[in-house]
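Each reported figure results from applying straightforward, stated rules to the coordinates on display, with no laboratory input. In this text, all values refer to a predicted model and were calculated from it rather than measured experimentally. All Cβ positions, even for glycine, are placed from backbone atoms using ideal geometry, and neighbour counts span all protein chains on display.
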Amino acid sequence: MKRSQPSRTVIDPVCQMKVVMDGDVPAVQFRSNTYHFCANACREAFVADPERYLSTRPPKRKGFWGRYLERLNKATGGKPPCCH
């Protein structure tokens, strides 16, 4: 009985899709890192503006509670409020 090797997966930096590394996967070298993509359209979008897809922004909070926390952080400068 022969065991198959597990496929290596990476995340496409443009669409955040999982890409299985088994076959002809589009790739680009940028700042000595190799980035892999699900399709050539994602690869072309990355090549046009790589900084847009590599910037690390915190995910936007959703809903009432998320908006409340964003306003609280903005009002206090990110510091916890003082309790008396």
Subject >> Efficiency of FRET between residue 76 and residue 47 - r from beta-carbon atoms, R0 41 angstrom, step 0.05 >> reply: 0.50
Original post:
Rounded, prolate or oblate: which fits the range 9-57 when a ≥ b ≥ c are the square roots of the eigenvalues of the alpha-carbon gyration tensor, with rounded for a/c under 1.5 and prolate only if a/b beats b/c?
Top reply: prolate
**OP:** Could you pull out every one of the aspartates and glutamates with an alpha carbon less than 18 Å from that of residue 79, ignoring same-chain neighbours closer than 8 positions?
**Re:** 70
Subject >> Phi to ³J(HN,Hα) by Karplus 6.51 cos²θ - 1.76 cosθ + 1.60 over the range 27-35, Hz, x for Gly, Pro >> reply: 9, 9, 9, 9, 6, 6, 10, 9, 10
Original post:
Between residue 27 and residue 68, what is the FRET efficiency for a Förster distance of 30 Å, r being their Cβ-Cβ separation, to the nearest 0.05?
Top reply: 0.10
Subject >> Built amide H within the under 5 Å cut-off of residue 30, gap 5+ >> reply: 35
